[in-house]
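I have placed the structure first, in the form of structure tokens, so that the comments after it can refer back to it.
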Amino acid sequence: YAAKFIRKRRGGGRKGARMEDIHKEVNILHHLSHSNIISLYDVYETNLEVILFLELVTGGELFDYISEKDHLGEEEASSFIAQI
């Protein structure tokens, strides 16, 4: 499992996410079922944050993979775009 901690916005502050946006993300993940989209297993809420328990995906970030390569071929780039 992986845990995503989302800090709640408090009062009129600018830090943190609005509860409306958090609920949207949870609702979308809850209703999606696709091999290229992580699964949402559970949600836990505290006074300060919402914690999403998600499918663990290994292999690193796509950005890091692309940054480390000297050249990204057209075929490989097309494959990434098709998956996104």
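The values are calculated or read from the model by the stated rules, or taken from the named source; none is laboratory data. The model shown is predicted, which means the values in this text are computed figures rather than measured ones. For neighbour counting, all protein chains shown are included, and Cβ atoms are generated from backbone atoms with ideal geometry for every residue, glycine included.
Structural remarks
- Residue in the range 5-12 that is of a type in the set (Phe, Trp, Tyr), modelled with pLDDT of 90 or more and surrounded by 12 or more Cβ atoms within 10 Å (Cβ to Cβ) present: no
For every residue, the table says whether it meets (1) at pLDDT 95 or above; (2) more than 13 Å from the chain's Cα centre (by Cα); (3) small (Gly, Ala, Ser); (4) loosely packed, with under 12 Cβ neighbours inside 10 Å.
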| position | (1), (2), (3), (4) |
| --- | --- |
| SER33 | no, yes, yes, yes |
| LEU40 | yes, no, no, no |
| VAL50 | yes, yes, no, no |
| LEU54 | yes, no, no, no |
| SER67 | no, yes, yes, yes |
| HIS71 | no, yes, no, yes |
| ALA77 | no, yes, yes, yes |
| PHE80 | no, yes, no, no |
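- Exclusive hit being in contact with a helix residue (DSSP H, G or I) (Cβ under 7 Å, 6 or more places away or on another chain), in contact (Cβ under 8 Å) with a residue 12 or more places away in the chain, among the hydrophobic types (A, V, I, L, M, F, W, C) and closer than 19 Å to ALA2 by Cα, set VAL50, VAL26, VAL57: VAL50
- Selection over the range 13-31 of residues that are loosely packed, with under 10 Cβ neighbours inside 10 Å, over 27 Å from GLN83 (Cβ atoms) and not small (Gly, Ala, Ser) gives a count of 3.
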